[in-house]
Amino acid sequence: MSHDDLDHVWRALANPHRRRILDVLRDKPCTTGELAEAVGENRFLVMQHLNLLREADLVTVEVDGRRRINHLNPVPIQHIYERWVGKYQGDWAAALVGLKRTVEAKAKKSESLRRKRA
């Protein structure tokens, strides 16, 4: 997936209604009617949002007779994670471990001083 492909994903994720639809689909696949009911929007509006989510490849559709079952496709979100979060995760983890050690060392030193005074 190229950087240009991620533009569609970012645009799709920018809308709170579409994020809510993805939240519902994260729990389980749903028909369009079930999604409309779950998010409290009319079916036509949900269909418009689903079209944009499909264009961004965030939603896939399974056709079962007359029913269209929508599924979350987490792959584009994983690509965003890998590009924007994953490469910084190691630095943050190292910083947090360092902070933990510093705090624990200070707590140990304070405890030692408190025992000497007692």
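No lab work stands behind these numbers, since they all come straight from the coordinates. Because the structure is predicted, anything quoted here is derived from the model rather than measured. Positions of Cβ are backbone-derived with ideal geometry, glycine not excepted, and every protein chain shown enters the neighbour counts.
Note on region 20-37: residues that are surrounded by 14 or more Cβ atoms within 10 Å (Cβ to Cβ) and either in contact with a Leu (Cβ under 9 Å, 6 or more places away or on another chain) or more than 22 Å from Val63 (Cβ to Cβ) (or both) amount to 9. Just one of the listed residues (Arg54, Arg101, Arg115) is free of Cβ contacts under 8 Å to residues at least 24 places away in the same chain, within 20 Å of the chain's Cα centre (by Cα) and either part of a helix (DSSP H, G or I) or within 30 Å of Asp5 (Cβ to Cβ) (or both), and it is Arg54.
In region 65-86, the residue that is surrounded by the most Cβ atoms within 10 Å (Cβ to Cβ) out of those that are of a type outside the set (A, V, I, L, M) and either touching a Ser or Thr at 6+ places or on another chain (Cβ under 9 Å) or within 16 Å of Met47 (Cβ to Cβ) (or both) is Asn70. Leu45 meets each of the listed conditions (1) exposed (fewer than 14 other Cβ atoms within 10 Å of the Cβ); (2) within 20 Å of Leu6 (Cα to Cα); (3) of a type in the set (A, V, I, L, M, F, W, C); (4) in contact (Cβ under 8 Å) with a residue 12 or more places away in the chain apart from (2).
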